[in-house]
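Novice: Below you'll find the structure I mean.
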Amino acid sequence: MIARRAVTALAVVACALAAPAPGAAQSVPASEREALVRLIVDRGGRAEDADALIDHANAAGAKGLPVTPLTNKIREGIAKGHEPARIDALIQQLTGHLESADRMIRDLPQPPGAAGREASVTLLADAFFSGVTGDEVNEIRRLSQAPGGAPISPDGLAGAAKGLSFIKEARLSATEGAAVMSEAARGGFRSLDMVDLGREIKRRERDFREGRATLRALREAIARGSRPEQLLRERRTRNTDRPATPRRDPATRPEPAARPERPRPPDRPDRPERPEATRTR
Amino acid sequence: MRLRVSIALMAAACASWSCATATGPTPPVVTPAGVRFVFEHGDARSVALAGSFNQWSISSHPMSRAGSSGAWTAVVALPPGEHLFMYVVDGARWISPPLAEDYSDDGFGARNGIVVVRSNDR
């Protein structure tokens, strides 16, 4: 009996030691390094340039930051034929976002396991890359803390921040967006649900912009207990063989100038520019 | 004779115009077999699909020409999640999808298309 307990205890200790500690140093695997070097050489670049980029990813990994988003971006940049200097500048920027995200996730009282932490840091850094600020994330954290309730989880905070990034991309109020996401976090929405909710708000941005929907009403619906499946019902019940309401690449949208020009009355005064917020996207 | 040539040229122009505009740009669609990507580029010799799901490889997911309309298609089984993608024409020209569920800045001055596969989509 004692022997069995001892073996069990040893097994538990061994597992604990084998599991990577939160924020443990990471490095780019050798196979990944070889693949990136091969890719840059195939594209006419120099192996040393790939090595320099990988070294920067490894430096970030040594601080306990996830290296996968960095190597993915290096690979994307090389594949698209961008100059190493440009890729490097982007890697430095992403590393900064990862550091900020890592600090915020570490600061939460519920540190998750290594895998969960890495996913949360990566998602939160992605939200920063999309324009969410540290102050806004702190505001989500503050508002999502119900009196006497549990604090927001790391993946919840990351999902709420990413959801807010969509609301900001739709050029809706960041303050009200943060309130919506905080309410969702308080209401027990999962991280992915909050990301989906933000994306859905962005998809319906015209409804919000033109007053057919409001972020305040949405927040109140969540506070009354509406669940993600209710809020996202239209999307979730959509036939899979139909695409989600597609967006057109803003860069390829036909400009008004492409339309046939009509002669302008000579005595007509110039009209003022339309404000940015009313431009149809 | 000149009139006949003009009529023939007009007919050919109309035919190609109707082909090009009848279908129009198509966003990716989730099907039981996978996500169906359709891209129109009549002048391309080859088109590939590159994205976060294939490490931005320009060779692992070639698209097939569908008839003579200039449409290229590929069906790719993707796991649930958010996937970034672009089209690569003739192995070198990276083109942002004309239509997608959403877009994100790639950090290099272009926009990746986004396709989201939800767990209840499959």
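The values are calculated or read from the model by the stated rules, or taken from the named source; none is laboratory data. This is a predicted model, so every value here is computed, not measured. Counting neighbours? That spans all protein chains shown, and the Cβs are built from the backbone with ideal geometry, glycine included. With ligands, DNA and RNA removed, areas are computed over all heavy atoms of the protein, side chains included. Shrake-Rupley method; radii C 1.70, N 1.55, O 1.52, S 1.80 Å.
Novice: Given the criterion open to solvent by 20 Å² or more (accessible area, probe 1.4 Å), within 14 Å of chain B (Cβ to nearest Cβ) and of a type outside the set (D, E, K, R), identify the matching residue among A:172, A:218, A:192.
Specialist: A:192
Novice: Which numbered condition trips up residue A:154, out of (1) within 18 Å of residue A:201 (Cβ to Cβ); (2) open to solvent by less than 30 Å² (accessible area, probe 1.4 Å)?
Specialist: The single condition residue A:154 does not satisfy is (1).
Novice: May I pose another question? When you look at residue A:76, is it crowded, with 23+ Cβ neighbours inside 10 Å, at pLDDT 95 or above and under 22 Å from residue B:56 (Cβ atoms), yes or no?
Specialist: Here the answer is yes, as residue A:76 does meet what is asked.
Novice: So how many residues does the range B:44-67 have that are in a loop (DSSP other than H, G, I, E, B), away from chain A (no Cβ under 14 Å), touching a residue at least 12 places away in the same chain (Cβ under 8 Å) and open to solvent by 10 Å² or more (accessible area, probe 1.4 Å)?
Specialist: Count: 3.
Novice: Could you please give the count of residues in the range B:107-122 that are facing chain A (nearest Cβ under 7 Å) and either within 14 Å of the chain's Cα centre (by Cα) or outside any strand (DSSP E or B) (or both)?
Specialist: Going through the range B:107-122 one residue at a time, the tally reaches 4.
Novice: Out of everything in the range A:55-88 that is within 18 Å of residue A:126 (Cβ to Cβ) and aliphatic (A, V, I, L, M), what residue ends up being nearest to the other protein chains (Cβ to nearest Cβ)?
Specialist: A:87
Novice: Now for a separate question. Answer with yes or no whether residue B:90 is open to solvent by 10 Å² or more (accessible area, probe 1.4 Å), on the phi > 0 side of the Ramachandran plot and within 14 Å of the chain's Cα centre (by Cα).
Specialist: yes
Novice: Does residue A:197 count as under 14 Å from the mean Cα position of the chain (by Cα), open to solvent by 30 Å² or more (accessible area, probe 1.4 Å) and within 14 Å of chain B (Cβ to nearest Cβ)?
Specialist: no
Novice: For the range A:81-91, does any single residue satisfy the condition of being over 16 Å from the mean Cα position of the chain (by Cα), free of Cβ contacts under 8 Å to residues at least 40 places away in the same chain, more than 23 Å from residue A:52 (Cα to Cα) and surrounded by fewer than 19 Cβ atoms within 10 Å (Cβ to Cβ)?
Specialist: no
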